1. Select from the range 252-274 the residues that are over 19 Å from the mean Cα position of the chain (by Cα) and farther than 30 Å from residue 307 by Cα and list them in ascending order.
2. Quick check, is residue 211 under 30 Å from residue 22 (Cα atoms) and touching a Cys at 6+ places or on another chain (Cβ under 9 Å)?
3. List pairs: first residue in the range 161-173 and over 16 Å from residue 104 (Cβ atoms), second residue open to solvent by 100 Å² or more (accessible area, probe 1.4 Å) anywhere in the structure, Cβ distance under 7 angstrom, at least six positions apart or on different chains.
4. In the range 161-258, which strands (runs of 3 or more DSSP E) lie fully inside it and hold 2 or more residues that are of a type in the set (Val, Ile, Thr), within 16 Å of ligand 2 (Cβ to nearest atom) and surrounded by 23 or more Cβ atoms within 10 Å (Cβ to Cβ)?
Amino acid sequence: MSKVVVAIPKKYSNFMDEEVSLVKAIYNHSDIDVIVVKGGNSKTYLSRDVVKKLKESGARELVVMDLLKPRQYFNLLKELRANVLDRMHIILEIFVQHAGSREAQIQIELAKLRYELSIIKEAVRRAKMGELHGYLGGGEYGYEKYYTMAVRRVARLRREIEHLRKLREIRRRNREKLGYPHVAIVGYTCAGKTTLFNYITKNYKPVGPEPFTTLNPKASSACYNGVKLVFIDTVGFIRDLPPQLIEAFYATLEEIVYSDAIIVTVDASKRLSEVEASITSTNNLLESIGAHGKRAVIALNKIDLVTSNRVNEILEFLGSKLKLDLNNVVPISAAKGLNIGRLVEKVIEVLPK
Ligand SMILES: Nc1nc2c(ncn2[C@@H]2O[C@H](COP(=O)(O)OP(=O)(O)OP(=O)(O)O)[C@@H](O)[C@H]2O)c(=O)[nH]1
Ligand SMILES: [Mg+2]
């Protein structure tokens, strides 16, 4: 068996490519073995059988694409004597790789620490029972000291983020004083939000096929038919985005809450089940940050990659299955600049008068 074994829970079996692409964003060149698992064992997440097979195979690295409870994490470590990572680790690591700005860096550090705190708590408990040698050889005391340090650091990061949030608010207020409507470009990661933002506002922000390229969203204005609008690029969403990340990135996501309308970007080159899941996750996330019910236009992007029959099939699906108003769906290609004028006109139409 190869070095890296990726266990994907059955509930994600419709999204295998995406789950594997998250792992590959971290282990670019490694040989990866994928297994589909049931999950849910309260002690080790994986069933006894799977754990036994992994032990026999001598796997050195196990990635579980689900959220492991601290107890399951430690039990797997103990059983397998291998490095164990879960979906949260992987997503955090991708965020770390793309964190260019100070704001993104501290938001990620906060999410990471909040996640680690739950693991350290379990380590303290185990050290007390004599099961674990301490952090830095300090036994129970070593872990507790680290826990206290981490709690203090979390408080400091929260203060720093609050400060950055105020700076964002001042910038936003200054923009709002000019009276131009704000339009947030939102949607699933890799749907083409930044490509669309760049095309509309004539910017050159980084775009790329790997998830979470944009972590430091920008605002920029553009004029269409004499109407000036401010467009805001945003951080991409994904299914089951860990809540610690949503909380840590709230200052950034808040830009969506204060926008006058949103463009929901959807990748038309995906399967219908993925299109549906991307719209559902986007709606869930908008709801969780208090931005649901906004005036919205759907940009069905990347139509250059599919036939016109396929575009019609997706439109039919959005209308009949998801009950969306097709008047507010515009098929576009952000990369080729197709139908962008129509999209912006639609946005202007839905804006509050
Ligand atoms: N063929 C085609 N590719 C596109 C189109 N729009 C975007 N892409 C490609 O899709 C990938 C993702 O594009 P981005 O603009 O970075 O997507 P994003 O939604 O900003 O992604 P994150 O910032 O990672 O959430 C890039 O490789 C783009 O070149 C399009 O209309 N057609
Ligand atoms: Mg982007």
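1. Scanning the range 252-274 gives 258, 259, 260.
2. Numbers: under 30 Å from residue 22 (Cα atoms): yes; touching a Cys at 6+ places or on another chain (Cβ under 9 Å): yes.
Spelling it out, residue 211 is indeed under 30 Å from residue 22 (Cα atoms) and touching a Cys at 6+ places or on another chain (Cβ under 9 Å).
3. Qualifying pairs under 7 Å: 172/258.
4. Those strands (runs of 3 or more DSSP E) span 182-187.
One line per residue, one yes/no per condition, for (1) open to solvent by less than 70 Å² (accessible area, probe 1.4 Å); (2) within 16 Å of ligand 2 (Cβ to nearest atom); (3) assigned by TED's automatic domain parsing to the domain that holds residue 248:
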| position | (1), (2), (3) |
| --- | --- |
| 292 | no, no, yes |
| 299 | yes, yes, yes |
| 302 | yes, yes, yes |
| 307 | no, no, yes |
| 314 | yes, no, yes |
| 328 | yes, no, yes |
| 334 | yes, yes, yes |
| 346 | yes, no, yes |
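The values are calculated or read from the model by the stated rules, or taken from the named source; none is laboratory data. Everything numeric here is computed off the predicted structure, so don't read it as measured data. Positions of Cβ are generated from backbone atoms using ideal geometry, with glycine treated the same way; all protein chains shown enter the neighbour counts. Surface areas here come from the heavy atoms of the whole protein model, side chains and all, with no ligands, DNA or RNA. Shrake-Rupley method; radii C 1.70, N 1.55, O 1.52, S 1.80 Å.
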